[in-house]
1. Could you tell me how many degrees, from 0 to 90 and to the nearest 10, lie between the Cα long axis of helix 7-17 and the main elongation axis, the longest principal axis, of the Cα atoms of the chain?
2. Using a 1.4 Å probe over the heavy atoms of the protein chains, calculate the carbon and sulfur portion of the accessible area of the chain as a whole percent.
3. Report relative contact order for the chain in percent, whole number only (criteria: Cα-Cα under 8 Å, sequence separation at least 6).
4. Rolling a 1.4 angstrom probe over the protein heavy atoms, how many square angstrom per residue are accessible across region 1-98?
5. Find, among the chymotrypsin sites (Phe, Trp or Tyr not before Pro) in region 27-98, those assigned to loop by DSSP (not H, G, I, E, B) with at most 14 other beta-carbon atoms within 10 angstrom.
Amino acid sequence: MARPLPPKERDLVVYILGLSSSSHGYFDLVEDMNDGGMGSLRFVGSADRSFGKCIGEAEFDDADGVLVSLALNVDQRGELFELDLWKVDFSPLQRIATLDELRSPMFGRQRISE
């Protein structure tokens, strides 16, 4: 069932896209994905959509210290498809990180904002 994108998840998407907060109205509705509570969201769109490619990645540590990987994916038309969160031990997500806690997966423990 579609619902509005929560503010913390919206912040993640906007940050990865590099958009200003005033230019993100086109991805307001999401659906929770059946991922065991890890927090992945699919953006509402046409029924014939499929995964296209990943356009941005980050990682952070959950409240329990377990690594969470996130990827922002677009569909085959380049439209937002999903915000995929994967907790490496497959346990349910406890919290969404603040933007200053995000790290680039390519640079290990370096924060994205550094």
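The values are calculated or read from the model by the stated rules, or taken from the named source; none is laboratory data. Predicted model, so just to flag it, every value in this text is computed and none were measured. Positions of Cβ are generated from backbone atoms using ideal geometry, with glycine treated the same way; all protein chains shown enter the neighbour counts. To get the accessible areas, we keep the full protein, side chains included, count just its heavy atoms, and leave off ligands, DNA and RNA. Shrake-Rupley method; radii C 1.70, N 1.55, O 1.52, S 1.80 Å.
1. Taking Cα atoms only, the helix is inclined about 90 degrees.
2. Carbon and sulfur atoms account for 54 percent of the accessible area of the chain.
3. On the way: 212 pairs, mean separation 26.8, N = 114.
The value is 23 percent.
4. On the way: 5160 Å² over 98 residues.
Normalised by residue count, the accessible surface of region 1-98 is 53 Å².
5. Numbers: sites: Phe27, Phe43, Phe51, Phe60, Phe81, Trp86, Phe90; in loops: Phe90.
When the chymotrypsin sites (Phe, Trp or Tyr not before Pro) of region 27-98 are filtered for loop state and at most 14 Cβ neighbours within 10 Å, Phe90 remain.
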